[in-house]
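Accompanying notes for the structure given below.
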């Protein structure tokens with residue numbers, strides 16, 4: 001899958017942008033605040049219907065404007081697709097997604113149309129932070145290759161939220177409708193089994209590639225990077241999923257806490273390096289290499305399961321990698337359409353199949369200019385802007 005064209009209107013600091021990216025590596029460099037990451041965020045919106053860095057969509061609309069839009073044109077072999085995300089602020093903020101000129105009713109219809117993998121500085125939290133960050137990684141990875149998984153997540157969260165609402169009310173009123181709680185627990189158990197089974201299956205599928213990628217990027221062959229799934233509901237495939245019984249047994253404690261204490265929302269992905277917990281012992285370089293390895297394993301999994309080549313987004317990755325790891329990373333992404341932001345275009349001069357853009361602002365408006373293309377083109381600023 002390749003993005004042929006990107007159009008932004010009143011998006012972030014872009015009044016109007018039209019660009020046709022390179023099918024290989026696209027490098028965006030410029031000063032902080034010039035709008036480099038905004039371009040990657042727009043692609044993420046058209047892939048997953050949301051930003052990778054903000055929770056309030058209205059913040060992506062240019063100040064003083066009535067709305068914003070991100071539009072992508074995709075090519076996969078002979079097939080063409082158009083995706084548009086429209087953001088309209090107001091008293092009741094509205095976000096709508098259009099695929100080939102048809103408005104979709106649910107975000108689940110968007111999953112798999114444009115598959116992308118993003119790595120940003122925040123993703124170091126995959127190693128450093130709490131379980132919720134790693135669960136989000138799993139959910140985003142699996143949702144892009146399994147629409148039923150995405151739907152199961154939504155249904156599970158809905159049933160859990162209903163149960164939690166009853167628990168909180170019961171904590172105050174000292175009475176609870178057990179029949180109603182049991183209905184929600186049965187629904188939660190059904191969807192939790194689908195979620196946990198998929199997580200275990202796909203973690204097993206990427207575990208070997210994660211180790212190989214880590215060694216390739218680090219260049220250190222005797223470092224063993226391993227991952228495993230830790231479930232709050234102890235269970236093995238084919239032995240029955242005991243969550244309903246555990247929810248019933250934990251009901252008194254859950255009422256005291258006012259929240260559900262077990263289930264997929266409590267699970268974790270354990271990361272170890274040479275048998276030690278990376279959160280506690282990993283260095284800065286090991287942390288970054290581990291997080292990158294997880295992201296590239298996600299890319300390979302999507303390719304393996306769907307036969308589709310996802311788009312890779314790398315936000316400010318190179319600055320923290322030494323030259324060896326930088327070159328090893330570049331060898332791993334060969335053949336993948338990639339969008340990279342960096343502060344210095346020299347970070348990637350050794351790459352062969354690329355186009356470099358300077359990102360700058362003029363009158364508060366984000367703009368791009370092509371700097372060079374490929375290693376044989378003389379380095380010069382071509383003042384032929386790719387915006388309107």
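Just a few scattered comments:
- Evaluated over the Cα positions of the range 124-307, the convex hull gives a direction-averaged projected area, one quarter of its surface, of 11.4 nm².
- Each of 185, 223 has some number of other Cβ atoms within 10 Å of its Cβ, and from fewest to most they run 223, 185.
- Estimated inter-spin distance, residue 73 and residue 180, nm [label 7 Å along Cα→Cβ]: 5.4
- The long axis of helix 36-48 is offset from the longest Cα principal axis of the chain by roughly 50 degrees.
- Linear extension gain, residue 171 paired with residue 100, 0.36 nm per residue minus alpha-carbon span: 20.7 nm
- Cβ crowding within 10 Å, taken as a proxy for footprinting-reagent exposure, orders 151, 27, 323 from fewest neighbours to most as 323, 151, 27.
- A straight chain from residue 239 to residue 224 at 0.36 nm per residue would run longer than the Cα-Cα distance by 2.3 nm.
- Cα gyration tensor shape of the range 116-166, rounded if a/c is under 1.5, else prolate or oblate by comparing a/b with b/c: oblate
- Residue order, fewest to most beta carbons within 10 Å, for 288, 215, 80, 128: 80, 128, 215, 288
- Cα gyration tensor of the chain - equivalent ellipsoid semi-axes, whole Å, descending: 39, 27, 18
- The stretch between residue 201 and residue 109, if pulled fully straight at 0.36 nm per residue, gains 30.8 nm over its current Cα-Cα span.
- Once both labels are positioned 7 Å from their Cα atoms along Cα-to-Cβ, the gap between residue 212 and residue 122 label points is 3.1 nm.
- The range 205-298 - Kirkwood radius from inverse mean 1/r over Cα pairs (Å): 15.5
- Note on residue 343 and residue 327: the model spin-label points, each 7 Å out from Cα along the C-beta direction, lie 2.4 nm apart.
- Global form of the range 1-56, assessed from the alpha-carbon gyration tensor, a/c cut-off 1.5: rounded
- If you bin all the Cα-Cα distances of the range 17-97 at 10 Å, starting from zero, the percentages per bin are 15, 46, 31, 8, 0.
- Each Cα pair under 8 Å and six or more residues apart adds its sequence gap; the mean of these over the residue count of the chain is a relative contact order of 24 percent.
Where a number appears in this text, it was derived from the coordinates with a stated rule and is not lab data. Quantities reported herein were computed from a predicted structural model and do not represent experimental measurements. A quick note on method: Cβ atoms are made from the backbone with ideal geometry, for glycine too, and the neighbour counts reach across all protein chains shown.
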